[in-house]
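Each remark here refers to the structure printed beneath this line.
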Amino acid sequence: MTTLLSLFGILLKILGAIIIAFLGVVIGLYYKGIDRKIAARMQARVGPPIRQPFMDFFKLMIKENIVPQNAVSWIFNGAPIMALVSSITILFYLPVGNIPPLLSGYGDIVLIIYLLTLPAIGMVVGGFSSGSPYANVGAQREMVMMMSYELPLVTVVVALGWKLSQVYPHLNVFSLAVLNAHPIWGLVGPLGFIGAILLFITLAAVTPGELSKVPFDAPEAETELAGGILVEYSGRNLALFGLTDAVKTIVMISLTVTLFFPYNISHLLALSGVLAFIVDVLFFLVKVFLVMFIEVTFIRVAVARLKIDQVSFAYWIPVSIIGLLGLILIVLDTNIV
Amino acid sequence: MNKKTYSIPIGPVHPSLEEPMTFNFEIYGERIEKVNLAPGDNHRGIEFMGRQRNPIQIIYLAERICGICSASHPFAFCQAVENAAGIEVPERGQYIRVIIAELERIHSHILWAGIAGHELGFDSVLYISWRAREEVLDLLEYLTGNRINYGIFMIGGVRRDISEEQIPRIRKTLEYYKDIYGKLEDIFLKDPTIALRTKNVGVLTKEEALNLCAVGPTTRASGIKKDVRQDQPYSAYADLDVKAITPDVLTGEVNGDVYDRIIVRLLEVVQSIQIIEQCLENIPSGDIIAEKKLVKLLNQLKKAKGEGIGRHEAPRGEVFHYVKLAEAEVPEVWKARAPTYNNLMPWAPMLLGEQIADIPIVIASIDPCIACMDRVTILNKANGQKEVLTKKDLHDLSVQKTRRIAP
Amino acid sequence: MEYIKPEKIIELFKEKFNGSVTNNKIETKTAGLKKNSYSLIWLEIELKDFKEAVKFLCTIQFPHFAIISDNDTGEEIKLTYHFSIYYGERFKEISLNLATSLPKNNLKIPSITDLIPGAQTSEREIKEMMGVTFEELPDLPNVFLPIDFTKGVYPLRKDEKGVYPLSKNGKHIGGNITDKEEEVKKVE
């Protein structure tokens, strides 16, 4: 009987995984379309229809998949799959509204940070194996970027976890469900509040880097490297990288939402059951949209691309200092109170 | 330490280049160690074609050397022919020429501003400045009938007059650019990311600019006060007070970097507006062309003998045309020199030691016009013999290709 | 820097290269309503003194070099170097056009790139378009013509070394193309 139950549980999880992966991809592509449309309107042009990313995807899927002659073909073809799978996996660890993550209990935010590097590593591997000088330069830049933004990203996570562990010593503080249930803003005093704002700024600065968006799109830099890492990719492989980008955007933004804005509105409206579920999911999507607008769309239309040394400098010095300052303020806040 | 460099080709086709041109870079890490320029991908033999045509036909050929300088080349060419044949342009014609040339400068500089934004990864600037450029293109269409390739220049004057009713429309456009100039200045001179990407990048020192004979905004940004409109005022510029603009006008110092080139170009937009306003105030009445009947003009040119040069300060620098007439239907010599031709050599000192990321903006910073610089010879590579194809060969080849595409 | 009048410049040249200056002319042009004027100098100098003349010009003021224009006159190739001096001040600039003729049987001229490095592009253009050898100019690949362009064909020449002129009346001036068309006919 227990084996049957656990088998049923596993089946349920697999079903959930398929649904979440599908929804993640579809929502990711739609959000990409919305991002492009809004950016276009901010740049005083009409812009593509919102379903354009879908059209791009389907078009690329029917196109020929070309592997360059001097590329290592199995790595070249494997890299996009690895990137897509790892970014979809993160979706299973993310809580939506007050629905616990699908794989809650099997991993925590530290695992997510590792998983987040995987798509980037996939791109680096693909870039190096494609045998083009542009892709090589792009891959080198991507590695430098990864090394640059990890420190501020980890600072944010550690600061939040540490604060939680001070308040709730018995909880698994790095679990996303716990982080989701206890927003940082309610736990800190005025000093810590400023610290939390600084941490949010740090995460907001890391997001465009993680997603390779202007001003931190040096690895793909269109006008310099003609697409950089992706220069040799075409057809199915390029479509998969396109999906990766869409899913990664959702993942990074959801992470920000989970860490800083995990609030729901269903209890305010005194709803329950299915209705509360729907309202919370919709509210979550609205939050994701707002955060995406600030962290991705707005930044990318408002600034120029930075050079790779400037990117490294920006992450290592100013952004890290802001992050560490946030950490220190939160520590001070806890110890003074 | 043994430096291991690798090579990156930029061009002939590359997103950062608007026109075909090849650069071969030797890169160490991200730093440029060696540059090798290989132009010629856009050479159309226009000078050769021109030597088979009569001067009036050449005006239209010169106009099509480049789409952006389509007032500059005919301007310089007409001056060269007028100097060679001793034709005097009526004053009103001179003023109209200057108005068109300055409108072209506004349109070219704003176009460049957009491209520079795009090269920096700042696409919003591209869209916004190109939108602003539409206004002057509309005005040019209103005045000449065409957005580009205006077809208004003629030996001895211009082909179309600017009437009294058209002047308010010109003033409206000038007001528009005065309004928008503040925004452009905000975007380019006050944006921190643009400053980060352009300051101390692609530096050309004054000595290098002198030695390598740079022209236009490139040389002025390095602190050399060289502007044909100021040094050797031709046409209506002789009446107007034009001063060469160097970046120290605004910042008090000259660095010769990309940022300084931006300053020079932005200030020149303002200068152009002022020049057009002065022209509109002082424009005299009278004829616009020395000889209205083209047949008569052609006969006059057929009998003319002599040589002349025409110089015009195009948006990118000095355009130079040399014409020699020898009592024949076609000129004996026609030599066209576009500004990019002289700005080719300064690329090397600008690019050396910079990063890969700087390549697009440094290349764009001289506002290259490859079409202008390269002015067809087709090779037969079958049987290892490289020969010049004849007209018949070309015709046969194109017939074959047509059959292949549409059997 | 002292401003020397155009007449004086010609005198200086004549003094320095006595007999070598074969032709000289000053043109004064006026423009605009106010009829302000500027000057152009046309000088023609023998080949043996050409390099010295450019050197001498550099002592007056470092000139701005525009371009070399080429002219195939039949027996000779006439190269005109277009310089300008006294730039930077209103109406002061003088265009100085320094011409020299090269006999067809010995098309050699000293390079001026050691004095004015910016002349390199133009010298390379003349080299590939007219077949003039510039002494001391490094042997660099073609600027404008394809690297594998036929050796011995110079597109802007008007003699048998030029290319087929696509003129309206189809008159052949170049020699090699006529042969080519006959070959084409044979093949057909």
Does A:Glu232 satisfy the criteria of being in contact with a Ser or Thr (Cβ under 7 Å, 6 or more places away or on another chain), charged (D, E, K, R) and surrounded by 17 or more Cβ atoms within 10 Å (Cβ to Cβ)? yes
For residues that are out of contact with any helix residue (DSSP H, G or I) (no Cβ under 6 Å at 6 or more places or on another chain) and not aliphatic (A, V, I, L, M), scanning just the stretch A:4-30, find the one that is surrounded by the most Cβ atoms within 10 Å (Cβ to Cβ). A:Tyr30
Considering only the stretch B:85-127, how many residues are within 14 Å of chain A (Cβ to nearest Cβ) and either of a type outside the set (S, T, N, Q) or not in a helix (DSSP H, G or I) (or both)? 14
Go through the stretch B:280-333 and give me each residue that's open to solvent by 50 Å² or more (accessible area, probe 1.4 Å) and in contact with a Ser or Thr (Cβ under 9 Å, 6 or more places away or on another chain). none
Report the residue count in the stretch B:28-45 for those that are out of contact with any helix residue (DSSP H, G or I) (no Cβ under 6 Å at 6 or more places or on another chain), open to solvent by less than 50 Å² (accessible area, probe 1.4 Å) and either at positive phi or more than 8 Å from every other protein chain (Cβ to nearest Cβ) (or both). 4
Do the conditions hold for A:Arg236, that is, is it farther than 26 Å from A:Gly326 by Cα and charged (D, E, K, R)? yes
Helices (runs of 4 or more DSSP H) completely within the stretch A:176-240 that count 1 or more residues being over 21 Å from B:Thr193 (Cα atoms) and β-branched (Val, Ile, Thr): A:176-181, A:190-210
On the basis of being within 7 Å of chain B (Cβ to nearest Cβ) and open to solvent by 20 Å² or more (accessible area, probe 1.4 Å), does C:Gly19 make the cut? no
Unique match (being out of contact with any Pro (no Cβ under 7 Å at 6 or more places or on another chain), open to solvent by 40 Å² or more (accessible area, probe 1.4 Å) and not in a loop (DSSP other than H, G, I, E, B)) among A:Val156, A:Val137, A:Val144: A:Val144
Taking into account only those residues within the stretch B:199-223 that are open to solvent by 10 Å² or more (accessible area, probe 1.4 Å) and hydrophobic (A, V, I, L, M, F, W, C), which is farthest from the other protein chains (Cβ to nearest Cβ)? B:Val203
Residues located in the stretch B:149-176, provided they are more than 29 Å from B:Leu325 (Cα to Cα) and buried (at least 18 other Cβ atoms within 10 Å of the Cβ): B:Ile162, B:Ile170, B:Thr173, B:Leu174
What about B:Ser272, is it of a type in the set (Gly, Ala, Ser) and more than 12 Å from chain C (Cβ to nearest Cβ)? yes
Looking at the stretch A:108-118, is at least one residue open to solvent by less than 50 Å² (accessible area, probe 1.4 Å), more than 17 Å from A:Ile250 (Cα to Cα) and aliphatic (A, V, I, L, M)? no
Among (1) at the interface with chain B (Cβ under 8 Å from one of its Cβ atoms); (2) over 27 Å from C:Glu128 (Cα atoms), C:Ile85 falls short only on (1)
Determine the pairs where a residue that is farther than 22 Å from B:Gly93 by Cβ and in the same structural domain as B:Tyr142 (by TED's automatic domain parsing), located within the stretch B:161-182, has a partner that is assigned to a helix (DSSP H, G or I) and hydrophobic (A, V, I, L, M, F, W, C) with Cβ atoms under 6 Å apart, the partner being 6 or more residues away or on another chain. B:Tyr177/B:Ile273; B:Ile180/B:Ala132
Counting only residues that are buried (at least 24 other Cβ atoms within 10 Å of the Cβ), at the interface with chain B (Cβ under 7 Å from one of its Cβ atoms) and small (Gly, Ala, Ser), the stretch A:217-229 contains a total of 2
Condition met for B:Glu82 (in a helix (DSSP H, G or I) and in contact with a Ser or Thr (Cβ under 9 Å, 6 or more places away or on another chain)): no
Restricting the search to the stretch C:34-84, which residues are in a helix (DSSP H, G or I) and open to solvent by 10 Å² or more (accessible area, probe 1.4 Å)? C:Leu47, C:Lys48, C:Asp49, C:Lys51, C:Glu52, C:Lys55, C:Phe56, C:Cys58, C:Thr59, C:Ile60
Hey, does the stretch C:1-15 have a residue that's open to solvent by less than 30 Å² (accessible area, probe 1.4 Å), in a strand (DSSP E or B), modelled with pLDDT under 85 and assigned by TED's automatic domain parsing to the domain that holds C:Thr121? no
Suppose we keep only residues that are crowded, with 17+ Cβ neighbours inside 10 Å and part of a strand (DSSP E or B) within the stretch B:8-24. Which one would you say is nearest to the other protein chains (Cβ to nearest Cβ)? B:Ile8
Scan the stretch C:103-116 and give yes if some residue there is closer than 29 Å to B:Ala328 by Cβ, more than 7 Å from chain B (Cβ to nearest Cβ), touching a helix residue (DSSP H, G or I) at 6+ places or on another chain (Cβ under 7 Å) and assigned to a strand (DSSP E or B), otherwise no. yes
Would you check if A:Thr202 is in contact with a Gly (Cβ under 8 Å, 6 or more places away or on another chain), of a type in the set (S, T, N, Q) and buried (at least 24 other Cβ atoms within 10 Å of the Cβ)? yes
Kindly state which helices (runs of 4 or more DSSP H) lie completely within the stretch B:185-283 and contain at least 2 residues that are closer than 26 Å to B:Leu351 by Cα. B:192-198, B:206-211, B:216-221, B:248-251, B:258-282
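The values are calculated or read from the model by the stated rules, or taken from the named source; none is laboratory data. Everything quoted here is computed from the prediction, not taken from an experiment. Here the Cβ is made from the backbone with ideal geometry for all residues, glycine too, and neighbour counts use every protein chain on show. SASA here: full protein model, heavy atoms, side chains in, ligands and nucleic acids out. Shrake-Rupley method; radii C 1.70, N 1.55, O 1.52, S 1.80 Å.
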